[in-house]
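Notes for the one structure printed next.
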Amino acid sequence: MAPLNALIVTIAFVFGAIIGSFLNVLILRIPADKSLLNDSTCSNCGNKLGAFENVPIISWIFLRGKCRNCKAKISAQYPLVELFSALAFGFTTWILVVPVEDTAGADWTLLIAIDYLISVSIVLFVIDVREKLLPDSVVFPSYFVAGAFLIASKLIAGDPAGILWIIIGAAISFSFYLLLALVSGSIGGGDIKLAGVLGMYLGFFGLGHVILGTIGAFILGGIFALGLVLFKGAKRKSEVPFGPWMLLSTFLTLLFGRQIIAWYIALIGL
């Protein structure tokens, strides 16, 4: 990897860790309807955290996962979210920027759009697993933020016609999940709203990605649910959050969709 590209990926990693620290704040405070402007404190003793205690990943390691004041355990969620965010930002930058000979020609707008999706996905993933909730305060703004960056990317690339696929992708995904909810009642309202956002990203790359991303969510969710039934003794009607699998499938499709679609076409001999 060229020195400049290595520097760019490293910066993306560090920036991702910083964003991850803020994502932890969103994960904890949004479900509790708490202000995002308050200082960070220990959840056990209420001690205000200093600057050193807020350094992503590093602080948790040096504090050995305990509050400096009361010695209460600090959840491993904090460094894990920060680390995953850092890795995701770095990996996405490596995929989108490093292959470009001239970094000035990289699609930075698309990179920002996908980094935004990573951030939103982490927040929604953890909240949905913990609370079985996909907050409107996170999902609804994503229509405008993600839509703006995706549309800008198409315009910068000189492909205004591609904007139509962003809209079509959102419409197909939203309509499919809405219909499924009306027919089966197995899909929640939060999943329907989220589907439109994810559909914009999938539609950006074409109809094949919309189909693959949708099918993938059910495959991943089905495998997880089956695992719960077989190994955890869960009942078939046990409530399983579906949002995380929609998010994971979309992200995997964005990164590897073209290869999967090409493999499938070759497999069936088209």
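The values are calculated or read from the model by the stated rules, or taken from the named source; none is laboratory data. Keep in mind that what you see is a predicted model, and the values were worked out from it rather than measured. Cβ sites come from the backbone with ideal geometry, for glycine too, and all protein chains shown count toward neighbours.
If I go through segment 178-192 residue by residue, how many of them are in a helix (DSSP H, G or I) and surrounded by fewer than 19 Cβ atoms within 10 Å (Cβ to Cβ)? Spell out how you get there, then give the answer.
The first filter runs over segment 178-192 and keeps only residues in a helix (DSSP H, G or I), leaving 178-184, 189-192.
Those left that are additionally surrounded by fewer than 19 Cβ atoms within 10 Å (Cβ to Cβ): 178-184, 189.
Matching residues across segment 178-192 total 8.
Just to be sure I understand, how many residues within segment 48-65 are charged (D, E, K, R) and surrounded by 13 or more Cβ atoms within 10 Å (Cβ to Cβ)?
First, the residues of segment 48-65 that are charged (D, E, K, R): 48, 53, 64.
Now narrow it down to the ones that are surrounded by 13 or more Cβ atoms within 10 Å (Cβ to Cβ): 53.
The total comes to 1.
State yes or no: is Lys154 of a type in the set (D, E, K, R), under 13 Å from Phe204 (Cα atoms) and assigned to a helix (DSSP H, G or I)? Lay out the reasoning, then the answer.
Working: of a type in the set (D, E, K, R): yes; under 13 Å from Phe204 (Cα atoms): yes; assigned to a helix (DSSP H, G or I): yes.
So Lys154 fits the description; yes.
Can you find, within segment 6-47, the residue that is nearest to Ile112 (Cα to Cα) among those that are surrounded by 11 or more Cβ atoms within 10 Å (Cβ to Cβ) and at pLDDT below 80? Walk me through it before giving the result.
Initial filter on segment 6-47 (surrounded by 11 or more Cβ atoms within 10 Å (Cβ to Cβ)): 6-31, 34, 40-45, 47.
Filter again for at pLDDT below 80, leaving 40-45, 47.
On the way: Ser40: 27, Thr41: 30, Cys42: 32, Ser43: 32, Asn44: 36, Cys45: 38, Asn47: 35 Å.
By that ranking, first place goes to Ser40.
From the list Val129, Val123, Val97, pick out the single residue that is buried (at least 17 other Cβ atoms within 10 Å of the Cβ), in contact (Cβ under 8 Å) with a residue 24 or more places away in the chain and under 22 Å from Val25 (Cα atoms).
On the way: Val129 fails: buried (at least 17 other Cβ atoms within 10 Å of the Cβ); Val97 fails: under 22 Å from Val25 (Cα atoms).
None of the other options fit; the residue is Val123.
Would you check if Tyr201 is surrounded by fewer than 16 Cβ atoms within 10 Å (Cβ to Cβ), in contact (Cβ under 8 Å) with a residue 40 or more places away in the chain, at negative phi and in a helix (DSSP H, G or I)?
Numbers: surrounded by fewer than 16 Cβ atoms within 10 Å (Cβ to Cβ): no; in contact (Cβ under 8 Å) with a residue 40 or more places away in the chain: yes; at negative phi: yes; in a helix (DSSP H, G or I): yes.
The answer is no for Tyr201.
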Exercise for the section: Filter segment 19-34 down to residues that are assigned to a helix (DSSP H, G or I) and free of Cβ contacts under 8 Å to residues at least 40 places away in the same chain and give me whichever is nearest to Gly90 (Cα to Cα). Expected result: Phe22
